[in-house]
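Written below as structure tokens is the structure these notes are about.
The values are calculated or read from the model by the stated rules, or taken from the named source; none is laboratory data. If you're wondering where the values come from, they're calculated on a predicted model, not measured in any experiment. Neighbour counts run over all protein chains shown; Cβ positions are idealised from the backbone, glycine included. Remember, those area values only see protein heavy atoms, side chains included, never the ligands or the DNA or RNA. Shrake-Rupley method; radii C 1.70, N 1.55, O 1.52, S 1.80 Å.
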Amino acid sequence: MALADARADAHRGALGLSAAVRLACAVLAATLAAATLASAADPLGPCGPIDRQYEAVELPVAQLQRLGKTPLDRLGVVAFRGGHAAPIPFQIDERRGRKVVLADGSEPLEDDRPGVLDPDDVLVFMVCDAGERKGDRPLEASLSGSGAVTAWREIEVRDPRNGVTAYTYLIVADTPPQTAKRYVDYTPPGDLVGSASYRVGLVNALPMYLALLRDGTPTPNLLDGPRLRVHATLLMNLASFDLNEGQGQHRLVGWKAGPVRVVRRSRHYVSIGFGIELSAGVANTYFYARHVYAPGSMKLPFSPSVFFREINAIGGADGRDMQGWHYYANGIPRSGLTIDGRTSAEEKGFAADGDWFALAERDQAILFAVRLSENLAREIPLHLVYRDDAATPLPPENVPGTQPLVGFEGHHIERLQAGRYQFSLHIFALPGFQPGDQRAILAGLDEPITAAVTGSESSARLRSSP
């Protein structure tokens, strides 16, 4: 959150947002109509030794031991299954400092040394693809058609929950092993991200379309839109105001579509009047085969209590015709709450704290989880939001009513002190869901895998190999 002078056209831009949203929704609808039912993305295959389908490895290139300045087109990554090596999808995300280089978009960021490995770049591949450790046979002898192999690095992936390890091998060769498999696909016109598990469509950088895929066929749109609601009161009760997602200005500014993940960068701000502009700054969102990850940080130069007596906020999503789905969260019976558009006595009395909830229908589910930095969680405990009421509008919305409204609520945000706060939203597409399946996934968020280079050979040693 930052305070700045409001631009003169801020209110006119907000008033015209609904027309812009309708136009962009029409573009998205045309994109979806033109898309084939079969996604261009490949499904994530059976996992190797580590069964984590939602997590990726990010290994800094600085750990790859003297591979700096290696051309990217000479790299390949393989994993062993049953003693045989096969290429797996990977990507090198070039960085400038902490920022991922996104060459496409209205605000492109170019790499300072494009096309070669830099120490601040990262190697990315799926944990699920890691395989067995290679045997005693020289690695280059297991790679047919790769030309001269000049170097390789063994990468050990370890699950801290049970100590299980898996391995991949980064290859440097004239003709490196490659695969055409990709787990995510991106269509810039319509701002549509797709995998074999889900599709997400965005309008003005906000998600307006969400579908899960079963046997390649997408469900109807499950999302009416995000819901961001803030109620704030100035000191001495001088004024109170309410903000919603429709009053902001949001735009896509950059993207990169790799075989392992799509990275999108967007810019967001909202003017509240009184010469004050609240800016969430720049957001980066990462789309994987079955996981969407949206990290964020907020730097407060001073406490909001300097100006505000009270600030409460809700962040969530408004479901669209999710009749027959079930809601699961802390304090909910194992059978869940049935979504039918009518508020039952049990739903009316629902009140619970928590950092996760799930929406499930038959054998598929969507799991939402939030993680807060310790200083933020200490000051702003999260309350769960659930509202199943198709008859009562909650404008602005495309389809009146909430079926359901789900999310998180934080009270007394004005109590935050000056400092930096971090948070992240995780959304998982869960096939074959059964209540309780969320436990392993949430545990994985709190105990992520580790990766390290545990073996290597350079060109000098390879030339002398038998």
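Measuring only protein heavy atoms, the 1.4 Å probe finds Ser424 accessible over about 20 Å².
Using only helices, what value at 222 nm comes out for the chain when you add -39,500 (n - 2.57) per DSSP H run of length 4 or more and divide by the total residues, to the nearest 500 deg cm²/dmol? List each step's numbers first, then the result.
Details: 6 runs with 48 residues, N = 466.
When only DSSP H runs of four or more count, the value is -3000 deg cm²/dmol.
Taking amide H as placed 1.01 Å from N in the peptide plane, Thr454 has its amide H under 5 Å from the amide H of Glu154, Ile155, Glu156, each at least 5 places away in sequence or on another chain.
Straightening the chain between Lys69 and Asp321 buys 85.5 nm, computed as 0.36 nm per residue apart minus the Cα-Cα spacing. Once the Cα-Cα distance is subtracted from the 0.36 nm per residue extended length, the His84 to Lys181 segment shows a gain of 33.1 nm. Packing, as the average of other Cβ atoms within 10 Å across residues, places the peptides 65-71, 237-243 in the order 65-71, 237-243, highest first. For the range 85-230, the square roots of the Cα gyration tensor eigenvalues, ordered a ≥ b ≥ c, give a/c of at least 1.5 with a/b greater than b/c, which places it in the prolate category.
Could you rank the peptides 117-128, 156-167 by their average count of other C-beta atoms within 10 Å per residue, with the highest value first?
Working: 117-128: 21.5, 156-167: 16.7.
Most protected by this proxy first, the peptides run 117-128, 156-167.
Counted residue by residue at 0.36 nm each, then reduced by the alpha carbon distance between them, the extension gain from Thr233 to Ala418 reaches 64.7 nm.
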